[in-house]
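Everything below concerns the one structure shown next.
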């Protein structure tokens, strides 16, 4: 399944990211507090850590109202923990790791369909040949994939699509299943 060109790509609804945003906000609040505390009790680094704390607070507010992604702010906070006098490399590394994980959590879930099979853009990427699938149906905004192993996946899609496109998708999947499995799916 090396072919990365897909005849159809279906974007699944993203889960609500309230918990990820809440944890990221708490981590940024903790970092701003640590930098503010360092600015107060370390005279030679007062200006730098005061600015660092202010940047994190301002960027967190900007994120909350505009972008919704905390990656850059978490990386900035992580770098702040590497600097003198904190030199807390473990916490800095933790912030960088959390920024990477946040990207994976918020990455849109897509399913690609081509003549070779079905591919999920998860980490790691999961690809299934048509022989591993019993049926695929897109109806009323819900994608249903019935695997030959009796595993069933049903997930709402991101946006409503035209009835004609839904019909084309279902016909494509039906044709692929017939060609690869030799069965007639209703």
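Out of every Cα pair in the stretch 18-106, what percent are spaced more than 22 Å from each other? Walk me through the numbers before you get to the answer.
On the way: 830 of 3916 pairs.
Every Cα pair in the stretch 18-106 considered, those over 22 Å come to 21 percent.
I'd like the orientation of helix 46-62 relative to the chain: the angle between its Cα long axis and the longest Cα principal axis, in ° from 0 to 90, rounded to 10.
For 46-62 against the chain, the angle is about 30 degrees.
Mean separation of Cα pairs under 8 Å and 6+ residues apart, divided by the residue count of the stretch 68-117: what relative contact order is that in percent? Each step should come with its number before you reach the end.
On the way: 33 pairs, mean separation 18.6, N = 50.
In percent, rounded to a whole number, it is 37.
Going by alpha carbons, how many degrees (0 to 90, nearest 10) lie between the helix axis of 89-106 and the longest principal axis of the chain?
That helix lies at roughly 30 degrees to the long axis.
Which distance in Å, rounded to a whole number, links the C-alpha centroids of the stretch 53-120 and the stretch 126-186?
After rounding, the separation between the Cα centres reads 34 Å.
Would you mind checking the tilt of helix 71-82 against the longest principal axis of the Cα atoms of the chain, expressed as 0 to 90 degrees and rounded to 10?
Once rounded, one gets 40 degrees.
Can you give me the distance in nm between label points at residue 67 and residue 149, each placed 7 Å from the Cα along the Cα-to-Cβ direction?
3.8 nm
So if we plug the beta-carbon distance of residue 107 and residue 51 into 1/(1 + (r/R0)^6) with R0 = 30 Å, what FRET efficiency do we get, rounded to 0.05?
On the way: r = 32 Å, r/R0 = 1.06.
Calculated transfer efficiency: 0.40.
Taking only C-alpha pairs under 8 Å that are 6+ residues apart, what is the relative contact order of the stretch 109-181 in percent?
Values: 99 pairs, mean separation 17.5, N = 73.
Relative contact order comes out at 24 percent.
Output the relative contact order of the stretch 18-106, whole-number percent, from Cα pairs under 8 angstrom with separation of 6+ residues. It would help to have the intermediate numbers written out before the result.
Working: 90 pairs, mean separation 24.5, N = 89.
Here the relative contact order equals 28 percent.
If you count, for each residue, the other Cβ atoms within 10 Å and average over each peptide, how do 34-42, 117-125 line up from highest to lowest?
On the way: 34-42: 17.0, 117-125: 14.8.
Going from most to least packed, we get 34-42, 117-125.
Taking 0.36 nm per intervening residue step and subtracting the Cα-Cα distance, what contour gain separates residue 168 from residue 94 on full extension? Don't jump to the answer; show the numbers that get you there.
Values: separation 74, 0.36 × 74 = 26.64 nm, distance 4.64 nm.
Between residue 168 and residue 94, full extension yields 22.0 nm more.
Quick check: residue separation of residue 160 and residue 127 times 0.36 nm, minus the Cα distance between them. What number comes out in nm?
Gain on stretching residue 160 to residue 127: 9.4 nm.
Can you report the principal axis dimensions of the stretch 98-186 using only the alpha carbons, biggest first, rounded to whole angstrom?
47, 28, 21
At a 10 Å Cβ-Cβ cut-off, how would you order 146, 7, 140, fewest neighbours first?
On the way: 146 16, 7 13, 140 9.
Starting with the residue having the fewest Cβ neighbours, the order is 140, 7, 146.
Looking at [x] -0.82, -0.94, -1.34; [y] -0.98, -1.08, -1.39; [z] -0.85, -0.91, -1.14, which value of log10 I(q)/I(0) by the Debye sum over Cα atoms at q = 0.15, 0.16, 0.19 Å⁻¹ comes from a calculation on the structure shown?
Correct label is [z].
For labels at residue 9 and residue 58 in the simple 7 Å Cα→Cβ model, what's the distance in nm?
Using points 7 Å along Cα→Cβ, the separation is 3.6 nm.
Bear in mind that the values in this text are calculations on the coordinates, not laboratory data. Computed from a predicted structure; not experimentally measured. Note that each Cβ is placed from the backbone with ideal geometry, even for glycine, and that neighbours are counted across all protein chains shown.
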